[in-house]
1. Just the residues that are hydroxyl-bearing (S, T, Y) and at pLDDT 80 or above, please, taken from the range A:293-316.
2. Give me the helices (runs of 4 or more DSSP H) completely within the range A:92-155, filtered to those with at least 1 residues that are in contact with a helix residue (DSSP H, G or I) (Cβ under 6 Å, 6 or more places away or on another chain), ordered by residue number.
3. Within the range A:391-402, can one find any residue that is buried (at least 16 other Cβ atoms within 10 Å of the Cβ) and on the phi > 0 side of the Ramachandran plot?
4. State which residue is modelled with the lowest pLDDT when the search covers only the range A:317-346 and only residues that are β-branched (V, I, T) and in a helix (DSSP H, G or I).
5. What pairs can you find where one residue is in the range A:521-533 and farther than 28 Å from A:R388 by Cβ, the other is in a strand (DSSP E or B), and their Cβ atoms are less than 8 Å apart, with a gap of 6+ or different chains?
6. Select from the range B:67-105 the residues that are touching a Cys at 6+ places or on another chain (Cβ under 9 Å) and either at the interface with chain A (Cβ under 10 Å from one of its Cβ atoms) or surrounded by 16 or more Cβ atoms within 10 Å (Cβ to Cβ) (or both) and list them in ascending order.
7. What are the residue pairs meeting all of these: first residue in the range A:439-465, first residue within 14 Å of chain B (Cβ to nearest Cβ), second residue acidic (D, E), Cβ atoms under 8 Å, and 6 or more apart or on different chains?
8. If you scan the range B:1-14, which residues turn out to be free of Cβ contacts under 8 Å to residues at least 60 places away in the same chain and away from chain A (no Cβ under 11 Å)?
Amino acid sequence: MYSKRLTRQLKKSFGDVAPRDEAFASFLSMIDEAYQQLDEKLESAQRNLTVSSEELTSANSKLYQLNQSFDAMINSLGQGFLLFGEDLTCLNVASKACENLLECDPAGRRIQDVLHISGDEGEDFTNWCKMMFDERIAFEDMAALGPARFAHSDLNRNVVLEYKPCRDRSGKITAIVMVATDKTAEFVARKEAAELAAHVKMITNILKNKNRFRQFIAEMRRMSAELGTIANGRKFSSQNLDEAKRLLHTMKGVAGAFGLLKVKMDCHEAETILTEARTPDIQLRVLRDWGEKIKSEFESLIESNRELIGDLGNGESKREIESSVLNGFLNSILSASTPQEIALAYRVQILSVPLRKLLFEFDSYISEMASHLGKRVSPLKFAGDDPRVLEEEVRPLVSAFPHILSNMVDHGIESEETRLARGKAAAGSIEVKFEQNPEHLKIIISDDGKGIDVPTLRMKLEASGEHRLASEGSDAEVMEQIFRPGISTAKNVSEFSGRGVGMDSVRSEIRKLGGNISVKSEPGKGTSFYIELPTLGLPSSARSAA
Amino acid sequence: MITKDSRILLVDDLNLVRNMLRQALREMGFEKMDDASDGEIAIAKLNSAINEDKAFDLVFLDWNMPVKTGIEVVEFCRENEFFRNLPIIMVTAEAEKKNVLKALTLGANDYIVKPVSQDILDAKLKHLNEQLAKRKAG
């Protein structure tokens, strides 16, 4: 068809020039063919163009959907996500949760303003950001130096901040993602669950051993009163302060052993605040306020559980006595020749209890504490003699006992993994051995844990100015220092131990009985505490005879 | 470039920390180490090493020391033509991280949190070598 148009054109210009010339005709058809091919190519090119633009539209809508679902996803996570670039300004992408968690829409704002960082800290913060971008130091190490928490206007909110790098293809950081996570609910839920579990445990503990609980109440009241005497005394010395810390620590231990979580936490809190208080005025005020708080917390706990635990609050001891024991006592009375003999029989047969029984009550305490720390401990083992004691007389020993145990579980016994790696049994073991002779009662409490960390202890001594002891003292001398106030090998203060008050108050309680305590330890093998007590109210011959 | 042949200066007022570092580094194959118990002694040792042609290649530096603090040592080094590029790794306790930022801003190369482990030391030295290579290339 192109050739016809061309022929017409030629005719117009040149007249009828050899239209039947075959060569010319074949030339024209070649042109036709070429044009046709061109047409087809054009058509196919156009078709391709149409298809790809359709594809483009569909891809666009897919991208849009993807963006939408991405937005929906990050918005539903409840976490605050924001991106900031090297100019330290937030980009226009941030999740909805930022408004709630960071209390603003970060888009377009300076990251420094979003985090309320100003003044001197502003410069540090800017430097920190710059160093994250230039990566002179590994990103994670640098990120660890940044703000870890958002200063929310609601002080109960716990908003945690994390940082991740956003890189281009060459690996260079182009932006930093900041993730804000609200851990408040997690924190509160964990606290509530722990409180409920503790309450159940407390009631079980009390019901299991009403008698011991009665004594516990008496003991708490005694210590609470002592605390009050110090807080309201005319003179306040550093000895008073140490004594107050010891009392709080002992109260924390016994409250913990009975599962009185709130009282325990209050004691812990009071200890912390007291340690941080710098002047005697503040220390006294802390003692007064917290002493009252702990006392009323404790009393209201007793009061609110009265129907469950019965009228235990009067602190008077009640005992169940088997008829065989009563018969034995009756026989002793009948065969006695002096009133002293009757009195002795009464003390030995009716009043005394096996010391093993008193101490075994802490078994559930250590297994619970161990599981809290991700460790395992076998049930408490006893060996040697089976001494009987008058409960009232050994109270200081009984209140010191949970501290020794918690020290062993916290610092001595290793995690299951470590123990297995060292060829030990998965569960740690604690043994209490009694040795009686006419003058003394020896109690040896041993664990099979990692032993006392003497090098760390030396470092602590060095840090507290004891240079001679730190560098020249024998291992045994250094170990004895765990009984000093303020020394602990624990890396962190936990609710169980670590403030360096524990073993100090243990020694002070043992000394109240006229006894003493010492320690021996072998690295990797374990630690033993040696307690030596003088003869108490019961003549030694009568102790294990009953 | 830090190699097993490099000379390392350990600066800390606690003998025990120095020993811990020394032991860890020795187990990693480093032999040439010296130490200093405060910032002033550290600077004196850095200077005399240069005069004896035994310049240090790396410094582990504590933050909190008597006489001269770690920060002062970093400042001294970065203002001195001989030590401008001397690699310095701050040794810090977990609670002192805020101070680390100051030292890094002033030009310390990296930081390490006590107690140190060989793994972390290894990672830090690797990163340091990468940075030194980059600096040389750039």
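1. Keep residues of the range A:293-316 that are hydroxyl-bearing (S, T, Y), which gives A:296, A:300, A:304.
Across the range A:293-316, the qualifying residues are A:S296, A:S300.
2. A:111-114, A:120-134, A:139-143
3. No, the range A:391-402 contains no residue that is buried (at least 16 other Cβ atoms within 10 Å of the Cβ) and on the phi > 0 side of the Ramachandran plot.
4. Just the residues of the range A:317-346 that are β-branched (V, I, T), to begin with: A:321, A:325, A:333, A:338, A:342.
Filter once more, keeping what is in a helix (DSSP H, G or I): A:325, A:333, A:342.
Working: A:V325: 83, A:I333: 87, A:I342: 87.
Checked the range A:317-346; the qualifying residue modelled with the lowest pLDDT is A:V325.
5. Sorted first by the residue in the range A:521-533, then by its partner, the pairs are A:S521/A:T527; A:S521/A:S528; A:G526/A:S446; A:G526/A:D447.
6. B:F83, B:L86, B:I88
7. Once the first residue is within 14 Å of chain B (Cβ to nearest Cβ) and sits in the range A:439-465, its partners that are acidic (D, E) give A:V454/A:D475.
8. In the first step, residues of the range B:1-14 are kept if they are free of Cβ contacts under 8 Å to residues at least 60 places away in the same chain; the result is B:3-10, B:13-14.
Within the range B:1-14, B:T3, B:K4, B:D5, B:S6, B:R7, B:I8, B:L9, B:L10 qualify.
The values are calculated or read from the model by the stated rules, or taken from the named source; none is laboratory data. Predicted model only: the values in this text are computed from it and were never measured. All Cβ positions, even for glycine, are placed from backbone atoms using ideal geometry, and neighbour counts span all protein chains on display.
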